[in-house]
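Q: Please find one structure pasted underneath; my questions will follow.
The values are calculated or read from the model by the stated rules, or taken from the named source; none is laboratory data. Fair warning: this is a prediction, and the values are worked out from it, not measured in the lab. Cβ placement follows ideal geometry from the backbone for every residue including glycine, while neighbour counts extend to all protein chains displayed. To get the accessible areas, we keep the full protein, side chains included, count just its heavy atoms, and leave off ligands, DNA and RNA. Shrake-Rupley method; radii C 1.70, N 1.55, O 1.52, S 1.80 Å.
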Amino acid sequence: MNATAEHQEHGMSDASYIKIAIILAAITGLEVSTYYVDFGPLFMPALLTMMIVKFVMVVSYFMHLKFDSKIFSFLFYTGLGLALFVYCTALATFKFFVS
Amino acid sequence: MAIIERPGTETTPAVVTPQQTLGAVKRPVETKGWREWLFTVDHKKIGIMYGVVAMAFFIVGGVEALLIRLQLAAPNGHILSADKYNQMFTMHATTMIFLFAMPMAGAFANYFLPLQIGARDVAFPRINALSLWLLVVGGIVLNASWFLGGAADGGWFMYAPNSGPVFSPSHGVDFWVLGLQVAGIASLLGSINLIVTVLNMRAPGMSLMKMPVFTWMILVVQFLLVFSLPVITVALVLLMLQRSYGATFFDVSQGADPLLWQHLFWIFGHPEVYVLILPSFGIISEVLPTFSRKPLFGYPFVVFSGASIGLVGFGVWAHHMFASGLGPVSVAVFSIATMAIAIPTGVKIFNWLLTMWGGKLWYTTAMKFAIGLVILFTIGGLSGVTHSVAPSDTQQTDTYYIVAHFHYVLFGGMVFGLFSGFYYWWPKVFGKMLNEKLGSWNFWLMVIGMNMTFGPMHILGLQGQPRRMYIWTKARGGEGLFNFGFWNMVASIGSFILAIGVLFFLINVVKTARSGKTAPLDPWDARTLEWLTTSPPKPHNFDRIPVVHHLDEFFHRKYEEDSAANTMRKIADGEELVRAEEAAADANIHLPAPSYWPIVLATGVGILGLGIIYGVPIMVVGFAVVLFASFGWVLEPSVAEDIDFAPASNDGNTKEIAPLG
Amino acid sequence: MAETATHTADHSTEHGHETSTGLTNNKLAMWLFLGSECLLFGGLISTYMLYRGRVSSGPHPSRIFDIPFTSVSSFVLLMSSLTMVLAVSSAQRGDDRRTNLWLTVTALLGATFIGGQVYEFTTFIREGLGFSTSLFGSSFYTLTGFHGVHVSVGVIMLLSTMGIIRKGKITGNKAEVVELIGLYWHFVDIVWIIIFTLVYLIPS
């Protein structure tokens with residue numbers, strides 16, 4: 001393992017972890033606010049987008065997937081992708097997304 | 001296990017004291033006799049044990065099948081009651097799939113995968129042992145139900161709400177759920193272990209596209225397992241919570257959708273079909289080139305079609321549910337996806353045919369079984385394509401036509417592949433050749449028996465015999481010679497011929513063990529790395545880790561291209577190559593030490609499971625054992641730092657197996 | 001040990017650069033396991049999504065969910081991911097004292113979350129939502145209970161690791177062990193991110 005790989009494995013500095021956490025906390029705050037404020041038609045897309053952003057941030061930065069070997073990303077996102085595919089298809093046959 | 005060599009003199013050092021774990025329990029010291037097997041972490045011993053366990057369950061499942069055929073041989077069968085019959089076909093399928101087919105593929109994978117990639121063991125030897133023992137515990141739990149109030153009786157896919165407490169009041173389904181859950185954990189651990197092994201422990205120079213096809217197919221299978229087992233786990237958990245703790249998941253009176261079970265089951269169940277067949281595809285992809293004296297035709301196509309079968313296999317599950325009222329859009333989509341999956345399968349068939357085309361075919365028993373697979377699987381594959389057409393499937397659903405189809409692919413395909421593997425690799429594992437004459441009897445009786453048993457079932461199915469009918473009357477048998485009753489009788493006679501065929505294999509095994517001929521190191525002029533070592537292989541597999549330059553590395557060490565004559569010229573034989581490796585053996589080889597914990601942990605999991613049926617106190621005991629074993633496991637030093645294996649030398653030194661600290 | 005390839009098994013995990021991919025066995029196995037867990041939680045979440053509106057008897061979700069309370073416990077779990085990542089980073093620097101400190105804080109936050117879940121469950125049961133009351137009840141308790149079990153296992157692993165580090169009995173690479181537990185912990189957190197949105201915030 002060369003020096004850059006070594007560096008990458010250690011990820012980011014503690015300060016940037018704290019920054020990420022602050023962003024995550026802010027998004028969570030925004031999410032909770034949808035409970036009190038009416039976002040109208042934006043409600044569902046906004047909530048799902050925020051959920052995905054939080055998810056990807058934790059995976060990429062806290063779990064180092066952004067800096068780590070692509071093999072790890074392949075293994076994890078294959079599982080995630082398959083889960084989305086099979087379960088969304090199954091729910092679709094129950095007419096879950098209609099209505 | 002570590003093997004160390006000590007000089008055969010009086011100055012032999014004292015036995016190394018293993019370090020203590022948990023303050024009290026030491027690592028196993030005794031590595032002889034039964035302990036050698038119970039606490040081993042050697043992938044080869046574990047592989048053999050997988051094989052023995054699977055073969056035992058093959059016999060159990062086979063006897064169940066014979067009882068079913070006896071019951072249906074003549075009108076008004078009275079061998080089994082309706083209730084026992086339900087239990088019998090449920091346990092026959094469950095046993096054959098989860099306790100024979102998967103473990104037997106696991107036996108081959110465990111034994112040969114590290115050898116084929118030039119590794120000394122799997123990535124996690126203790127987890128490997130744990131997988132084996134969990135499987136054994138799962139099998140015992142499943143079959144214990146026979147003696148504890150009756151076995152599961154809902155069919156192997158255990159559709160809800162029939163599997164609920166109302167319609168299946170005995171504990172049978174509970175045992176079934178727990179047994180599969182435990183066996184599922186075993187498979188999950190095993191699959192993670194084997195994937196890491198393939199990705200991380202290949203010999204230098206062995207890129208993914210230089211791996212033997214068997215290894216490739218096992219890799220694809222393990223990915224299928226990693227991603228499909230959690231789905232059946234969810235289904236089983238839901239069913240368990242409903243049966244034991246009053247959940248309502250499949251309770252229609254509460255507004256539940258029983259189709260939820262069908263989806264979860266088949267999202268797992270269809271990849272599972274490929275889990276069953278791909279190992280056999282891998283085996284014959286080794287056997288056919290070897291006995292055709294030609295390289296496999298279109299290696300990359302075989303590999304990528306295997307991988308795409310795996311991927312598409314996740315998108316076709318609902319074709320098992322065409323009759324359930326999914327709606328036209330879903331049916332059309334899944335119907336097309338199902339037809340598409342026939343393409344990569346067909347690609348493989350043509351690759352095998354073209355491998356044999358123009359080859360110097362050598363009809364050993366292994367080769368016969370491999371050719372048998374190609375033919376019989378194709379028949380099963382064709383009837384499979386008829387199921388992908390939804391209107392025709394609707395007519396065939398739950399008739400014997402389905403039974404005929406999946407027995408052609410599973411028995412004609414999977415089982416023949418496994419038997420091909422037995423005959424091909426037996427000399428590698430045990431150093432003795434299975435008898436070819438008995439092998440021939442074994443093969444032909446199985447071919448005849450299998451076609452007599454499952455061939456007529458196509459007709460029976462189209463005549464309308466329902467899949468799980470336990471009795472038929474003379475009136476139902478119909479008139480004329482080739483009636484319903486006639487074909488049932490033919491199928492029953494066929495099943496006994498089949499059983500005699502299998503019996504010939506067992507006789508062959510016993511005979512070979514007693515007086516078999518010692519196998520040469522390279523009896524088949526084989527192609528892959530597992531033959532670049534002694535038979536049976538030494539505990540550390542290879543004296544020197546091979547450096548790989550070619551696909552079919554072993555073959556390319558024996559032959560070089562003669563460009564003038566456009567042929568391959570033999571430059572060395574296997575015997576010489578193995579001797580050369582021995583002469584250049586590595587100086588220090590570390591091998592993992594045996595461990596108590598895998599078998600203890602597996603037992604704990606079994607007790608924990610029984611607690612779900614028999615109450616909290618037992619659960620607490622099981623949990624305590626699991627916790628104790630987990631800490632023992634974690635705190636156990638996995639490898640000693642200072643004990644090595646020194647390779648054999650010719651100066652009279654003795655080798656000795658010693659424990660590691 | 002001149003030949004790198006002579007290493008087998010667990011041993012090689014300490015020397016990731018000796019494997020074919022250059023990655024350690026343990027970490028590869030952990031990511032595979034997490035990929036597999038996606039399908040496990042996916043199944044439980046889908047079951048809940050299918051059944052969440054099916055209330056034949058007992059309270060409806062919108063009546064009993066206490067969003068402010070759950071928001072706080074979600075926040076606690078989210079912050080435990082921060083403390084976990086700080087523990088990993090300390091462990092990689094070889095700073096045992098801080099590793100222990102951050103592991104302790106993470107375990108405490110995890111335990112707080114579990115405490116919150118126990119409180120939430122007891123409140124719901126008092127308000128009439130039993131495990132068998134309705135499809136909503138069964139699937140809600142199963143999903144969040146499964147997640148809670150994962151958090152509890154995580155807390156046990158954190159505490160055990162601290163004990164083992166303190167006694168100096170850890171086998172293998174200390175920083176890697178902490179990192180692996182970290183991966184598991186973050187995964188449990190991202191599952192909750194999804195549950196919080198899909199189960200609590202989106203009304204059925």
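Q: Could you list, in sequence order, all residues of the range B:176-221 that are without any contact (Cβ under 8 Å) to a residue 40 or more places away in the chain and within 14 Å of the chain's Cα centre (by Cα)?
A: Within the range B:176-221, B:Ser191, B:Leu219 qualify.
Q: If you don't mind, another one. Among (1) more than 13 Å from chain B (Cβ to nearest Cβ); (2) closer than 16 Å to C:Met84 by Cβ; (3) not aromatic (Phe, Trp, Tyr), there is one condition C:Ile181 misses while meeting the rest; what is its number?
A: Exception for C:Ile181: condition (1).
Q: Can you confirm whether C:Tyr141 is buried (at least 21 other Cβ atoms within 10 Å of the Cβ) and either within 13 Å of chain B (Cβ to nearest Cβ) or free of Cβ contacts under 8 Å to residues at least 60 places away in the same chain (or both)?
A: yes
Listed here are the residues, each with its yes/no results for (1) away from chain A (no Cβ under 14 Å); (2) under 30 Å from C:Ser62 (Cβ atoms); (3) in contact with a helix residue (DSSP H, G or I) (Cβ under 7 Å, 6 or more places away or on another chain); (4) open to solvent by 40 Å² or more (accessible area, probe 1.4 Å).
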| site | (1), (2), (3), (4) |
| --- | --- |
| C:Ser152 | yes, yes, yes, yes |
| C:Met162 | yes, no, yes, no |
| C:Val188 | no, yes, yes, no |
| C:Phe196 | no, yes, yes, no |
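Q: Another question, if that's okay. Six or more apart or on different chains, Cβ atoms under 9 Å: show the pairs whose first residue is in the range C:97-124 and under 23 Å from C:Glu179 (Cβ atoms) and whose second is part of a helix (DSSP H, G or I) and aromatic (Phe, Trp, Tyr).
A: C:Thr106/C:Trp185; C:Gly110/C:Trp185; C:Phe113/C:Trp192
Q: Let me ask something additional. If a residue has to be over 23 Å from B:Gly313 (Cβ atoms), of a type in the set (Gly, Ala, Ser) and touching a helix residue (DSSP H, G or I) at 6+ places or on another chain (Cβ under 9 Å) to count, how many in the range B:226-262 make the cut?
A: 5
Q: Those residues that are more than 9 Å from every other protein chain (Cβ to nearest Cβ) and among the aliphatic types (A, V, I, L, M), I need them from the range B:233-247; list them, please.
A: Passing the criteria: B:Leu236, B:Leu239, B:Met240.
Q: Restricting the first residue to the range B:281-304 and requiring it to be outside the structural domain of B:Phe214 (by TED's automatic domain parsing), which pairs with a second residue that is assigned to a loop (DSSP other than H, G, I, E, B) and of a type outside the set (D, E, K, R) meet a Cβ separation below 9 Å and a spacing of at least six or different chains?
A: Once the first residue is outside the structural domain of B:Phe214 (by TED's automatic domain parsing) and sits in the range B:281-304, no partner that is assigned to a loop (DSSP other than H, G, I, E, B) and of a type outside the set (D, E, K, R) comes close enough.
Q: Now for a separate question. Which of (1) within 14 Å of another protein chain (Cβ to nearest Cβ); (2) open to solvent by less than 30 Å² (accessible area, probe 1.4 Å) is the odd one out, the single condition B:Pro161 does not satisfy?
A: (2)
Q: Residue pairs, Cβ under 6 Å, 6 or more apart or interchain, first in the range B:623-648 and under 30 Å from B:Glu581 (Cα atoms) and at pLDDT 50 or above, second open to solvent by less than 60 Å² (accessible area, probe 1.4 Å) and not in a loop (DSSP other than H, G, I, E, B). List them.
A: Close Cβ pairs satisfying both conditions: B:Ser638/C:Asp10.
Q: Let me ask something additional. How many residues, within the range B:452-483, are buried (at least 20 other Cβ atoms within 10 Å of the Cβ) and assigned to a helix (DSSP H, G or I)?
A: Residues meeting the conditions: 7.
Q: Given the conditions (1) open to solvent by less than 80 Å² (accessible area, probe 1.4 Å); (2) at pLDDT below 95, which single one is not true for B:Asn508?
A: (2)
Q: Under 9 Å between Cβ atoms, at least 6 apart or on separate chains: pull out the pairs that start in the range B:248-261 with a residue that is on the phi > 0 side of the Ramachandran plot and end on any residue that is surrounded by fewer than 17 Cβ atoms within 10 Å (Cβ to Cβ) and assigned to a loop (DSSP other than H, G, I, E, B).
A: B:Gly255/C:Ser56
Q: Taking the stated definitions as given, is B:Met339 closer than 20 Å to B:Val213 by Cα, open to solvent by 10 Å² or more (accessible area, probe 1.4 Å) and assigned by TED's automatic domain parsing to the domain that holds B:Lys437?
A: No: the conditions fail for B:Met339.
Q: Within the range C:116-138, how many residues turn out to be within 13 Å of another protein chain (Cβ to nearest Cβ) and open to solvent by less than 10 Å² (accessible area, probe 1.4 Å)?
A: Residues meeting the conditions: 6.
Q: Please go through the range A:44-65 and give me each residue that is free of Cβ contacts under 8 Å to residues at least 12 places away in the same chain and either facing chain C (nearest Cβ under 8 Å) or surrounded by 15 or more Cβ atoms within 10 Å (Cβ to Cβ) (or both), ordered by number.
A: Hits for the range A:44-65 are A:Met44, A:Leu48, A:Phe55, A:Ser60, A:Met63, A:Leu65.
Q: Please find, among C:Ser46, C:Ser132, C:Ser89, the residue that is under 30 Å from B:Ile267 (Cβ atoms), modelled with pLDDT under 95 and of a type outside the set (Phe, Trp, Tyr).
A: The match here is C:Ser132.
Q: Scan (1) over 27 Å from B:Arg202 (Cβ atoms); (2) at pLDDT 95 or above; (3) open to solvent by 10 Å² or more (accessible area, probe 1.4 Å) for the single condition B:Ser170 breaks and write down its number.
A: (2)
Q: Enumerate the pairs (first residue in the range C:41-59 and in contact (Cβ under 8 Å) with a residue 60 or more places away in the chain and open to solvent by less than 10 Å² (accessible area, probe 1.4 Å); second residue anywhere and among the polar types (S, T, N, Q) and assigned to a helix (DSSP H, G or I)) with beta-carbon separation below 7 Å, excluding pairs fewer than 6 apart on the same chain, so at least 6 apart or on different chains.
A: C:Leu44/C:Thr142; C:Thr47/C:Ser139; C:Tyr48/C:Ser139; C:Tyr51/C:Ser139
Q: Is there a residue in the range B:293-309 that is open to solvent by 20 Å² or more (accessible area, probe 1.4 Å) and under 30 Å from B:Thr94 (Cβ atoms)?
A: yes
Q: Another question about this same structure. Can you tell me which condition B:Lys348 does not meet? The list is (1) open to solvent by 10 Å² or more (accessible area, probe 1.4 Å); (2) under 23 Å from the mean Cα position of the chain (by Cα); (3) among the basic types (Lys, Arg), and all the others hold.
A: So the condition that B:Lys348 fails would be (1).
Q: In the list B:Ala107, B:Ala129, B:Ala101, which residue meets the criterion of being crowded, with 24+ Cβ neighbours inside 10 Å and within 14 Å of chain C (Cβ to nearest Cβ)?
A: B:Ala129
Q: Right, something else. Please give the helices (runs of 4 or more DSSP H) falling wholly within the range B:32-145 in which 1 or more residues are out of contact with any Cys (no Cβ under 9 Å at 6 or more places or on another chain) and at pLDDT 95 or above.
A: B:43-73, B:82-94, B:102-116, B:125-144
Q: Of everything in the range A:20-43, what is open to solvent by 60 Å² or more (accessible area, probe 1.4 Å) and either under 16 Å from the mean Cα position of the chain (by Cα) or of a type in the set (A, V, I, L, M, F, W, C) (or both)? Give them in sequence order.
A: Hits for the range A:20-43 are A:Ile22, A:Ile23, A:Ala26, A:Leu30, A:Val37, A:Phe39, A:Leu42.
Q: Considering only the range B:504-522, I want to know if a residue exists there that is out of contact with any Asp or Glu (no Cβ under 8 Å at 6 or more places or on another chain) and part of a loop (DSSP other than H, G, I, E, B).
A: Looking through the range B:504-522, at least one residue is out of contact with any Asp or Glu (no Cβ under 8 Å at 6 or more places or on another chain) and part of a loop (DSSP other than H, G, I, E, B).
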